[in-house]
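These notes concern the structure reproduced below.
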Amino acid sequence: MKITANLMHFKELNEKVRNTPEKSVEIDNCIGQRYIASGLSNKDIIINGTPGNALGAYLNGANITVYGNAQDATGDTMNDGSITIHGSSGDATGYAMRGGKIFVRDNAGYRAGIHMKAYKEKIPKLVIGGAAGSFLGEYQAGGVIVVLGINNTTGKAPVGRFCGTGMHGGKIYIRSENEPENLPAQVAVRKAESEDMNEIEDLLKEYCDNFNYDPAKIINKTFYVLTPNTKNPYKRLYTNN
Amino acid sequence: MAINYSIPEFEIVRNTDRCIGCRACERQCANEVHYYDPDLGKMMADDTKCVNCHRCVSICPTRALKIVKNNDTLRENANWTSENILEIYKQAATGGVLLSSMGNPKPLPVYWDKILINASQVTNPPIDPLREPMETKTFLGKKPEKIERDKDGKIVNNLSSQLELQVPIMFSAMSFGSISKNAHESLARAASELGTYYNTGEGGLHKDFYQYGPNTIVQVASGRFGVHKEYLEAGAAIEIKMGQGAKPGIGGHLPGTKSIGEVASTRMIPEGSDAISPAPHHDIYSIEDLRQLVYSLKEATEYKKPIIVKIAAVHNVAAIASGIARGGADIIAIDGFRGGTGAAPTRIRDNVGIPIELALASVDERLRQEGIRGQVSIVVGGSIRNSADVVKAIALGADAVYIGSAACIAMGCHQCRSCHMAKCNWGIATQRPDLVKRLNPDIASKNLVNLVSAWNHEIKEIMGGMGINSIESLKGNRLMLRGVGLTQKELDILGIKHAGE
């Protein structure tokens, strides 16, 4: 099914997407309609244009491809499925994700991957091709965040400030010749070893497939890995009263 | 070793004439207060470990035990009270943030106790609930601004989704993790039987309790634990937790030691990992952002569930509530500074937030002034202690109330305020299997049903006395209230007259 969004209200657009029996949906000229595909499963959705905030919130297995940029809170609390963005995404991308994959070809805004978590076989993955804003992976409790820094010429790691503050699970990979600076106390940093890279090899290949990059050029570089120092960052904070 | 300056808060008094040395107290005390001394051939107690939960007193077969306040005092001083001094000793020894639980215990004013209810005399006669029909059913949710009719003049149903309550009392949010599975089961079963709702809190919904979905409010907090499509669809309503009365402005940390077994699997996090709910939702920095979360939840559940936004009662609560109403919420839940908690920093619990009575009155008034009172229902909690508090809350403008501490007490909680120790001897605020099994959901759910049914009858009697036969006629009916011993400012905020006026 093909829908031309234009000035259609989000409620009407989302109803159409939700209620069509067809598995494939293509939305043309999307101009900021919010909450597209929230909670959806078993659909393949292509969006041409700019979807609004909370694209794929609580996504439950549907696959979304955006030809354009996405706005804030993309994939908020998503559970399963994939979101592939041929462009950049806004703040809080992948907030509290618990499963599925998000691929952002270019940059992501502030607070990407905040409070991602993992449980047993459900390991969410967020790949950002360019740079990520500040507060990347704050309170991360699980899952994998990868920042590739493609075309990064800043001479610094492609992450902002306060990366991984309060992190207590999961892993952040940063592709950079330079070690990320000013990391908070809760985070341990080291160069990725071959076992680390094995864990994300398929993920990186998928990113390259999606956006036509040569995997050899992406993978064979220095990556830093950020992990939490402890699962219980606030254990010694309290005294029983 | 440094000298331990602490003094036991309580003293265990054992009547040795009655004690038969059965050691039941020793087996029942998770705090390991009681022990048998084989050399002395008698039961002894370590007072320092006692939290005065009264488990041993209640189960002692010969009534040999009592627990009294320790009359050993530091030198008396109205400024430097023993409490202030002992807390400094604790922090000087450990460097830790003081952690407490349950509601604010300080002697701050309880306005419920300074408000009196009216009754009819001679004119507009009282109604006897034993022989007249009395309505305590209420509906929560956005009410339509106007009646719409179709071309035949028939009323069009333009009502958005509502919660139907047989009694204006719901069980407030307590997560599985902060309380036990048996406590959750008791609340769920009681809510089903009573035709009201219990609230999952932020710990997800155990798979065994999906069956109680029609009487469940599922919560979405900043940690988003256990939040997924099936969870959102399981409940009758979704509550966004922005704040909690016991700890406004503070998130939650379920320590890794409690995040084990089914608690971890229900939250969908690895066992032993801290479950951290940050203080803010990191996608909410404005009313517009809140509106976005409200609508993303509505979209994900196809507008079938009312959305509740829960906040703590704080200084600007009226303006905040107005923003929430305009943000698209169907129901606003306001939690006063006496609301309970499984764990909160002592200083926050005891010093942050405002009384629910004042918050409720100012929110109701503000929404009326702005002409948007009908857009939202108001639910208040923290703390409602009895049916008179319920009546006063509704007359001040609430649509319904939440009870948490009172519900725990109905299940056997003795308000020892030690939930954060996770060793609740009554099987409520603990995850230790041997303690959890002490709480029998068959009995506890019955106790909850009894409590709410009794309150419901009392509410009918009080309403009948005022000559009011439905809860809807009581709502916001402040003429039925008078203050006693309150300043003009307090009366103005409460919107009531002084007794005698």
Considering only residues that are of a type outside the set (A, V, I, L, M) and assigned to a loop (DSSP other than H, G, I, E, B), which ones fall in segment B:352-377?
B:G353, B:P355, B:E370, B:G371
Inside segment B:423-498, counting only helices (runs of 4 or more DSSP H) that do not spill past its ends, which hold 1 or more residues that are modelled with pLDDT of 95 or more, surrounded by 22 or more Cβ atoms within 10 Å (Cβ to Cβ) and not aliphatic (A, V, I, L, M)?
B:441-465
Somewhere in segment B:378-388, is a residue in contact with a strand residue (DSSP E or B) (Cβ under 9 Å, 6 or more places away or on another chain), part of a helix (DSSP H, G or I) and at pLDDT below 95?
no
Where in segment B:103-218 are the strands (runs of 3 or more DSSP E), entirely inside, with at least 2 residues that are under 30 Å from B:P255 (Cβ atoms) and among the hydrophobic types (A, V, I, L, M, F, W, C)?
B:169-171
Can you pull out every residue in segment B:120-170 that is at positive phi and either surrounded by 13 or more Cβ atoms within 10 Å (Cβ to Cβ) or out of contact with any Gly (no Cβ under 9 Å at 6 or more places or on another chain) (or both)?
B:V122, B:G141, B:G153
Heads up, the strands (runs of 3 or more DSSP E) in segment B:270-351 (entirely inside) with at least 3 residues that are facing another protein chain (nearest Cβ under 9 Å) and free of Cβ contacts under 8 Å to residues at least 12 places away in the same chain are none
Filter segment A:228-241 down to the residues that are modelled with pLDDT of 85 or more and surrounded by fewer than 18 Cβ atoms within 10 Å (Cβ to Cβ), then identify the one that is farthest from the other protein chains (Cβ to nearest Cβ).
A:N229
Could you tell me which residue of segment A:86-98 is farthest from the other protein chains (Cβ to nearest Cβ), considering only residues that are more than 10 Å from the chain's Cα centre (by Cα) and either at negative phi or outside any loop (DSSP other than H, G, I, E, B) (or both)?
A:H86
Just checking, which of A:A62, A:A73, A:A112 is at the interface with chain B (Cβ under 9 Å from one of its Cβ atoms), surrounded by 24 or more Cβ atoms within 10 Å (Cβ to Cβ) and touching an Asp or Glu at 6+ places or on another chain (Cβ under 8 Å)?
A:A73
Can you tell me which residues in segment B:87-102 are in a loop (DSSP other than H, G, I, E, B) and either without any contact (Cβ under 8 Å) to a residue 12 or more places away in the chain or more than 14 Å from chain A (Cβ to nearest Cβ) (or both)?
B:G95, B:G96
Given (1) under 25 Å from B:I67 (Cβ atoms); (2) among the acidic types (D, E); (3) buried (at least 20 other Cβ atoms within 10 Å of the Cβ), number of the condition B:D350 does not satisfy:
(3)
Mind counting the residues in segment B:469-501 that are free of Cβ contacts under 8 Å to residues at least 24 places away in the same chain and within 25 Å of the chain's Cα centre (by Cα)?
0
B:E233 fails exactly one of (1) modelled with pLDDT of 95 or more; (2) buried (at least 24 other Cβ atoms within 10 Å of the Cβ), namely (2)
Of everything in segment B:237-269 that's more than 9 Å from every other protein chain (Cβ to nearest Cβ) and under 20 Å from B:L435 (Cβ atoms), which residue is nearest to the chain's Cα centre (by Cα)?
B:L254
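So that you can scan it fast, the table gives a plain yes or no per residue for (1) buried (at least 20 other Cβ atoms within 10 Å of the Cβ); (2) more than 12 Å from chain B (Cβ to nearest Cβ):
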site	(1), (2)
A:K117	yes, no
A:N152	no, yes
A:P158	yes, yes
A:T165	yes, no
A:N178	no, yes
A:P184	no, yes
A:I200	yes, yes
Selected residue [under 21 Å from the mean Cα position of the chain (by Cα), away from chain B (no Cβ under 14 Å), among the hydroxyl-bearing types (S, T, Y) and assigned to a loop (DSSP other than H, G, I, E, B)] from A:Y173, A:Y213
A:Y213
Answer residue from segment A:26-59, given it is outside any strand (DSSP E or B) and farther than 21 Å from B:D283 by Cα and is farthest from the other protein chains (Cβ to nearest Cβ) among those
A:K43
Restricting to segment A:132-150, give me the number of residues that are away from every other protein chain (no Cβ under 13 Å) and either touching a helix residue (DSSP H, G or I) at 6+ places or on another chain (Cβ under 7 Å) or assigned to a loop (DSSP other than H, G, I, E, B) (or both).
5
Return a yes/no flag: does segment B:104-118 have any residue that is hydroxyl-bearing (S, T, Y), over 18 Å from B:M421 (Cα atoms), within 31 Å of the chain's Cα centre (by Cα) and surrounded by 15 or more Cβ atoms within 10 Å (Cβ to Cβ).
yes
In the set A:N107, A:N79, which member is away from chain B (no Cβ under 14 Å) and either farther than 19 Å from A:Q33 by Cβ or in contact with a Cys (Cβ under 6 Å, 6 or more places away or on another chain) (or both)?
A:N107
Taking segment B:356-370, which residues are under 18 Å from the mean Cα position of the chain (by Cα) and crowded, with 22+ Cβ neighbours inside 10 Å?
B:I356, B:E357, B:A359, B:L360
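The values are calculated or read from the model by the stated rules, or taken from the named source; none is laboratory data. Predicted model, so just to flag it, every value in this text is computed and none were measured. As a convention, Cβ positions derive from the backbone with ideal geometry for all residues, glycine included, and neighbour counts pool all protein chains shown.
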